[in-house]
Amino acid sequence: MAILQTHNLSKHFGGVHALDRLSIQLKPGQITGIIGPNGSGKSTLVNVLTGIYPSDSGAVILGGEQLKTIRSPEVRDYGLTRTFQEVRLFEQIPALDNILVALTERGVFRALFERHKILHQTRAREILERVGLWEKRRALARELSYGQRKLLEIGRALAMDPKIILFDEPYAGLFPEMMKQVNGILRELRTQGLAIALIEHNMDLIRELADHVIVLDGGELLAEGPPAEVLARREVIEAYLGE
């Protein structure tokens, strides 16, 4: 059963139909690859689902509740979180504190005030070790390499204890060893029953990780189904691979 669905979801920017009556679903324990050419609506979809952009029409069904309007501050209450193509961190505080802020659901200063709590500290260490950044825990976020910053953002998403995670190109800028870490994280989250959306341009990663693939083109659903079947379809090859 789907934990997140869209029904005829639309978003326009002037005369551009970024999303055009899009109906999709995400299921627990499944990695759903979302692919399509540049400008197909992938990032717009994530931005609408997380309340950054308001939809023009249609609805989102999240946890059984139909929502016509999604507000960013309320997204976490529905067990939904995301990562960004452009990493968003608290640049002036250490990696450990970036995780603590997410764990405590407070503002930055209140979160730092609660640093002494053993439970938070233990969980923060677990997360940083999981993303391979424990040794960098005292480094300011702005001092980390681009790949490490991507991993820290993934750690912040994990700290929010989500049921659904929308990964917007998490592999961009990562070295092979870091990519293996992300692979392991995604597989572990799937085993734990989370619903995962993976926006990715690397088709080898989509074939390796995705249980289900959704192809967008011009804001519309072009195709969906198992990766091997969908990626072999002529319309997908023509739209996405340019052949």
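Quick note: the coordinates plus some simple rules give every number you see, no bench work behind them. None of these values were measured; they are calculated from a predicted model. Every residue, glycine as well, gets a Cβ built from its backbone with ideal geometry; the counts of neighbours run over all protein chains shown.
First check a/c for the chain, with a ≥ b ≥ c the square roots of the eigenvalues of its C-alpha gyration tensor; if it is under 1.5, answer rounded, and if not, answer prolate when a/b is larger than b/c or oblate otherwise.
Details: a/c = 1.95, a/b = 1.50, b/c = 1.30.
Prolate shape, in that a/c is at least 1.5 and a/b is the bigger ratio.
Within the straight-line cut-off of under 17 Å between alpha carbons, the lysines reachable from Lys27 are Lys163, sequence neighbours fewer than 8 places apart in one chain being disregarded.
Charges only on Cβ, +1 for Lys and Arg, -1 for Asp and Glu: so what's the dipole of the range 165-240 about the Cα centre, in debye to the nearest 20? Provide the component values of the computation, followed by the final result.
On the way: 6 positive and 14 negative charges, 53 e Å.
Computed charge dipole of the range 165-240: roughly 260 debye.
Per-residue Cβ neighbour counts within 10 Å put Asp217, Asp161 in the sequence Asp161, Asp217, beginning with the fewest.
Could you calculate the contour length gain from Glu188 to Asp204, that is, 0.36 nm times the residue separation minus the distance between their Cα atoms, to one decimal place in nm?
So the extension gain works out to 3.8 nm.
Dimensions of the range 160-243 from C-alpha coordinates, computed as largest minus smallest value along each principal axis and given longest first, are 37, 27, 21 Å. With the simple model of a label 7 Å out from the Cα in the direction of the Cβ, Ser72 to Asn38 spans 2.5 nm.
Relative to the present Cα-Cα distance, how much length would full extension add between Arg137 and Ser23 at 0.36 nm per residue of separation? Provide the component values of the computation, followed by the final result.
Details: separation 114, 0.36 × 114 = 41.04 nm, distance 4.12 nm.
My answer for the length gained is 36.9 nm.
Which value at 222 nm does the chain reach when only helices count, each DSSP H run of 4 or more adding -39,500 (n - 2.57), with the total divided by all residues and rounded to the nearest 500 deg cm²/dmol? Present the calculation step by step, with values, prior to reporting the outcome.
Details: 9 runs with 83 residues, N = 243.
For the chain, the value works out to -9500 deg cm²/dmol.
Taking a straight Cα-Cα cut-off under 15 Å and skipping sequence neighbours fewer than 8 places away in the same chain, the aspartates and glutamates within cross-link reach of Lys117 are Asp97, Glu105, Glu126. Exposure proxy ranking for Ser43, Ser10, based on other Cβ atoms within 10 angstrom of each Cβ and starting from the fewest, stands as Ser10, Ser43. Counting neighbouring beta carbons within 10 Å and listing from fewest to most, the residues Met203, Met178 come out as Met203, Met178. Modelled spin labels at Asp56 and Met179, positioned 7 Å past Cα toward Cβ, are 3.7 nm from each other. With a Förster radius of 25 Å applied to the C-beta separation of Glu220 and Ala2, the computed FRET efficiency comes to 0.80.
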